[in-house]
Amino acid sequence: MQKEFRIVDKEKNIVCISTLDERYYGEEVRDPVTGLPVITWVPSITFITNSYPKGIQYMRWLADKGYDKAEEIKTEAGDRGTIVHRAIEQLMTDGVLKMDDKIMDREGIAREMTPDEYYCAMTFLQWYEANGKPKPLAIEKTVRSKQYGYAGTLDYIFDLNDKKILLDIKTSKNIYPNHKLQLSALRQACREEGIEIDTIAILQVGYTLNKTQHYKFTEVEDRFDLFLSIKAVWMAEHGGDKPLQRDYPLSLSLNREGPAKKVKKQ
């Protein structure tokens with residue numbers, strides 16, 4: 001069953017819940033009347049920006065592949081992106097990444113990286129070394145905008161040439177408008193937490209369209225105004241929604257007293 005429920009910030013009591021196509025962040029707070037702990041939910045930045053129009057090229061691609069095949073391709077791309085992100089995170093936190101290291105995928109299963117996934121981590125290291133090994137100020141940090149009601153997890157904040165750069169790692173060959181809006185929203189959330197960002201940028205790793213270096217660094221224009229417009233669209237479609245929560249038994253049983261008997265055909 002595709003699901004994720006994880007603590008993303010122990011000090012702030014923030015958890016993240018994911019189901020098939022929805023994602024929320026929850027924060028444990030105290031009810032001002034009863035004093036009992038309650039969880040308040042806010043949508044993720046990704047969930048909001050998914051409301052951005054996909055464009056004619058996406059619609060043509062969807063028509064060409066068919067819905068089921070397109071979903072399969074997106075799932076595979078998401079799995080690849082998760083492995084690459086976690087491999088790079090291990091490299092940055094532990095200082096080393098081995099080719100045969102097992103990395104946790106989205107289903108919580110540890111597996112070895114494919115050559116392509118490992119190469120993406122290699123190209124990140126190329127960028128990192130080419131820029132003088134900038135100091136990471138934050139890695140996989142969850143931030144929340146209380147003013148606008150959303151939360152998200154940033155990839156990295158680097159100190160590069162005395163400037164704070166909010167960097168998003170992508171494994172895709174293209175940069176889409178919703179990618180830029182995600183960074184704009186993260187920047188605002190950082191500002192509310194007292195972190196002023198000088199530059200927001202996307203680093204595409206494993207970018208084979210470049211001949212000399214297989215990564216691409218792109219500075220992004222801050223369009224928080226456009227993000228708020230998309231959030232208004234999201235509110236119109238999902239404003240009254242809450243995270244999907246159901247009670248499931250941990251196992252299913254037929255409660256047979258003995259092995260099933262085969263019925264003979266007449």
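The values are calculated or read from the model by the stated rules, or taken from the named source; none is laboratory data. Note that this is a predicted model, so its numbers are computed, not measured. Note that each Cβ is placed from the backbone with ideal geometry, even for glycine, and that neighbours are counted across all protein chains shown.
For LYS211, state whether it is in contact (Cβ under 8 Å) with a residue 12 or more places away in the chain, farther than 27 Å from THR93 by Cβ, of a type in the set (Lys, Arg) and not in a strand (DSSP E or B).
no
Take the residues in the range 186-218 that are touching a helix residue (DSSP H, G or I) at 6+ places or on another chain (Cβ under 7 Å) and surrounded by fewer than 18 Cβ atoms within 10 Å (Cβ to Cβ), then tell me which one is nearest to GLN147 (Cα to Cα).
PHE217
Scan THR212, THR208 and give me the residue that is farther than 24 Å from ASN50 by Cα and either in contact with a His (Cβ under 9 Å, 6 or more places away or on another chain) or acidic (Asp, Glu) (or both).
Sole residue among the options that is farther than 24 Å from ASN50 by Cα and either in contact with a His (Cβ under 9 Å, 6 or more places away or on another chain) or acidic (Asp, Glu) (or both): THR208.
Conditions first: (1) at pLDDT below 95; (2) within 17 Å of PRO43 (Cβ to Cβ); (3) buried (at least 20 other Cβ atoms within 10 Å of the Cβ). ILE230 passes all but one, so which condition is the exception?
Condition (1) is where ILE230 drops out.
If you scan the range 173-208, which residues turn out to be assigned to a loop (DSSP other than H, G, I, E, B) and not hydroxyl-bearing (Ser, Thr, Tyr)?
Residues satisfying the conditions are LYS173, ASN174, ILE175, GLU193, GLY194, ILE195, GLU196, ILE197, ASP198, GLY206.
Just to be sure I understand the filter: pairs with C-beta atoms under 8 Å, separated by 6 or more residues or on different chains, first member in the range 135-154 and more than 14 Å from ARG23 (Cα to Cα) and buried (at least 16 other Cβ atoms within 10 Å of the Cβ), second member of a type in the set (S, T, N, Q) and at pLDDT 95 or above. Which pairs pass?
Note: pairs meeting the criteria are SER145/GLN188; TYR148/GLN188.
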